[in-house]
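The values are calculated or read from the model by the stated rules, or taken from the named source; none is laboratory data. The structure displayed is predicted, hence computed values, not measured ones. Every residue, glycine as well, gets a Cβ built from its backbone with ideal geometry; the counts of neighbours run over all protein chains shown.
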Amino acid sequence: MGNSKGADGAADHRPAVGRVAVVGTGLIGTSIALALRARGVEVLLSDPDAASVRLACDLGAGRVLDESAQTRPVDIAVIAAPPAVIPAVLRGAQDRGLAHVYTDVASVKASVLAEAERLGCDMATFVPGHPMGGREKHGPGAARADLFLGRSWALCPTGKAGAETVAAVAELARLCGADPLVLEAEAHDRAVALVSHAPHVASSAVAARLLSGDDTALTLAGQGVRDVTRVAGGDPAMWTEILTHNAVPVADVLHGMAADLAATADALHALARARDGAGDEVLEPVRDLLARGRSGQERLPGKHGGVKLPDYAVLPVVIPDEPGVLGRMFAVAADAGVNIEDVRIEHTPGLPLGVAQLYVLPAAVDPLARALSDDGWSVHAGA
């Protein structure tokens, strides 16, 4: 690892991590491989599913790892496998001398570390990791080179790995566009229970309620319920394994959610039973939950990290459902000198059009509205 020098002594500017083996070509493994290939890293791919490896290779994620032809270890081996099998895969890779440094991408850490220790894995060359990026889709076909761009990438070294080993895995995270963050395994598991695992269960609970709705009710579904239930489309088997490996931290968060929901439901029932003008005080749990929810949502870092920016204004624009429409609209914004901070699209059921919600700084609303209107777009400022 490290930049090398040519015969003339000049650095050739190769990335510090030059050769990587990715063991597991699902969504995360293939996305890592694609990101590394985009940065000029040589990537070797392995997976028990030969079809998965072939698809990943066809996507440009790397070439098949032929261990019989390996003459030297790669810089880093990334174990992109389910939590239950990572320790055994790690031990096997270490026994074969696959890499100088090893990491994984499991969304749970404490149980993986404990089993790796039990199996006698070399913890001095292993830096557990977890890139905080994913999709509700799975498999190499859903992989994206930009999946980790701007995301946190948790590193949970045990203390047995040296600084250079940890630095190598941090460099791998940066090559994928992520921001490495070092923390202890137990702290990681509590954190992801709060910001990932329990929210997935909550999303599934909301989505499960939709099974009781008739077609008329579902026709009324807007962007709000779609946002809340998006991650519920994940693989149930995979998420059952994740929850099993992080059971107590997730259960603690869910108990807190359940208490909030129960108090809110009780308050709404009490309101329905109260006489006219006598039920306002029973709404306090409802107001409290909604207020705490808004405050909690505002704590989430935005695209500029922890920097506090003015609230974005939203400019609705009616758009036809046709190729290239977003590109044309963004080009108008660029010509007007306006940066679109975010965009969300609400489709109109049964009609070939939708509404693009353009998020911009408040001062940019009027200039953007004028520019789009002058270009023939149906703009609804103030809507």
Legend entry - helices (runs of 4 or more DSSP H) (entirely within segment 193-293) containing at least 2 residues that are surrounded by 12 or more Cβ atoms within 10 Å (Cβ to Cβ) and not assigned by TED's automatic domain parsing to the domain that holds GLU136: 198-209, 223-229, 236-245, 247-273
Inset, instruction - Restricting attention to segment 199-242, report how many residues are touching a His at 6+ places or on another chain (Cβ under 6 Å) and among the hydroxyl-bearing types (Ser, Thr, Tyr). - result: 0
Legend entry - Meets criteria (in a loop (DSSP other than H, G, I, E, B), among the basic types (Lys, Arg) and either in contact with a His (Cβ under 6 Å, 6 or more places away or on another chain) or within 27 Å of HIS100 (Cα to Cα) (or both)) for ARG174: no
Legend entry - Those residues of segment 209-247 which are closer than 29 Å to ALA110 by Cβ and free of Cβ contacts under 8 Å to residues at least 24 places away in the same chain, in sequence order: PRO236, ALA237, THR240, THR244, ALA247
Legend entry - Among (1) crowded, with 18+ Cβ neighbours inside 10 Å; (2) free of Cβ contacts under 8 Å to residues at least 12 places away in the same chain - the single one GLY177 does not satisfy: (2)
Legend entry - Close pairs (6 angstrom Cβ cut-off, 6 or more residues apart or separate chains): over 19 Å from VAL201 (Cα atoms) in segment 253-274, at pLDDT below 95 and outside any helix (DSSP H, G or I) anywhere: LEU271/GLY279
Legend entry - Residue within segment 296-311 that is more than 27 Å from ALA369 (Cα to Cα) and at pLDDT 90 or above present: yes
Legend entry - Total residues in segment 348-363, condition modelled with pLDDT under 80 and assigned to a helix (DSSP H, G or I): 0
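Which one is farthest from the chain's Cα centre (by Cα), of the residues in segment 96-122 that are in contact (Cβ under 8 Å) with a residue 24 or more places away in the chain and part of a helix (DSSP H, G or I)?
Result: ARG118.
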Inset, instruction - Assess whether VAL169 counts as being part of a helix (DSSP H, G or I), in the same structural domain as VAL85 (by TED's automatic domain parsing) and not basic (Lys, Arg). - result: yes
Legend entry - Hits in segment 123-146 - residues which are in contact with a strand residue (DSSP E or B) (Cβ under 8 Å, 6 or more places away or on another chain) and assigned to a loop (DSSP other than H, G, I, E, B): PRO128, MET132
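For segment 325-345, how many residues meet the condition of being farther than 13 Å from LEU368 by Cβ and loosely packed, with under 12 Cβ neighbours inside 10 Å? Talk me through it step by step, then tell me what you get.
Taking segment 325-345 first, the residues farther than 13 Å from LEU368 by Cβ are 325-328, 342, 344-345.
With the extra rule that they be loosely packed, with under 12 Cβ neighbours inside 10 Å, the set shrinks to 327.
Counting residues in segment 325-345 that are farther than 13 Å from LEU368 by Cβ and loosely packed, with under 12 Cβ neighbours inside 10 Å gives 1.
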Legend entry - Which listed residue is hydroxyl-bearing (Ser, Thr, Tyr), touching a residue at least 12 places away in the same chain (Cβ under 8 Å), touching a Ser or Thr at 6+ places or on another chain (Cβ under 7 Å) and over 27 Å from PRO199 (Cα atoms), from SER52, SER46: SER52
